[in-house]
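Read through the structure below, which is laid out as structure tokens, and then see the notes.
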Amino acid sequence: MRLSRLLPALAIALLAAMPAARADVLITIDKFKQQMTVTVDGDPRYVWPVSTGKGPYDTPAGEFQPFRMERHHFSREWDDAPMPHSIFFTQEGHAIHGSYERRRLGTPASHGCVRLAPENAATLFALVKQHGVKNARVALTGDLPSATELAARNGDINEDAPVRRTRKSRDYDDGGRSYYYRERPYYERRGYGFPFPFGW
């Protein structure tokens, strides 16, 4: 009789002592594709376009442990630029955050951070907060795409079109170097207040 009363109480005590179930959030950023994939316990949840660092500000590759989250953050290094829903993953200040530069998403454009559309950054922020920042991982893979690869991806170059060469360039072998050495139409896009191909 005593044992039958004791067993349910013991079961409840054991359940209370067990740690709460946790989920691992993996945030994978493919720098070549400029794309983020978010999985929870291996289950794919989201795929979003991003902008990683460009040129000398290339976002570091590797696996990182996020350690700080700020809903409203402004960059002290870059003119108080807004960084909503920031998730910091390096001590040097690299973070995943929202960006209002939507037209640049899908191409390298930042000073090292990983930019997302604001609504996607808010969704990711809430997900990481729900499962705990210590249960999240950030993995950056791949190399930055070249200007030629970006142009082809954006449809700015017809790879099948014959290359028009000037008389001077016909006498010069460019050794298979970039199409910039040849006569190509100039596609002007404006970025940071001056014209430059592909909006960099």
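Values in this text are rule-based calculations from the coordinates and carry no lab data. The shown structure was predicted, so the numbers you read here are calculated from the model rather than taken from an experiment. Heads up, the Cβs are rebuilt from the backbone with ideal geometry, glycines too, and the neighbour counts pull from every protein chain shown.
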Problem - Burial ordering of GLU63, GLU70, GLU92, fewest other beta-carbon atoms within 10 Å first - result: GLU92, GLU63, GLU70
Exercise for the section: Take SER99, SER75, SER146 and order them by how many other Cβ atoms sit within 10 Å, fewest up front. Expected result: SER146, SER75, SER99
Practice task
Quote the relative contact order of segment 25-144 in percent (integer), defining contacts as alpha-carbon pairs under 8 Å separated by 6+ residues.
Solution key: 35
Practice task
Enumerate the calculated ³J(HN,Hα) couplings along segment 37-52 in order (Karplus 6.51 cos²θ - 1.76 cosθ + 1.60, θ = phi - 60°), each rounded to whole Hz, writing x wherever the residue is Gly or Pro.
Solution key: 10, 10, 10, 10, 6, x, 8, x, 10, 9, 9, 9, x, 9, 10, 9
Problem - Charge dipole magnitude, Cβ of K and R +1, D and E -1 - segment 25-144, Cα centre, debye nearest 20 - result: 200
Exercise for the section: Please work out the Cα convex hull volume for segment 66-155 and give it in Å³ per residue. Expected result: 110
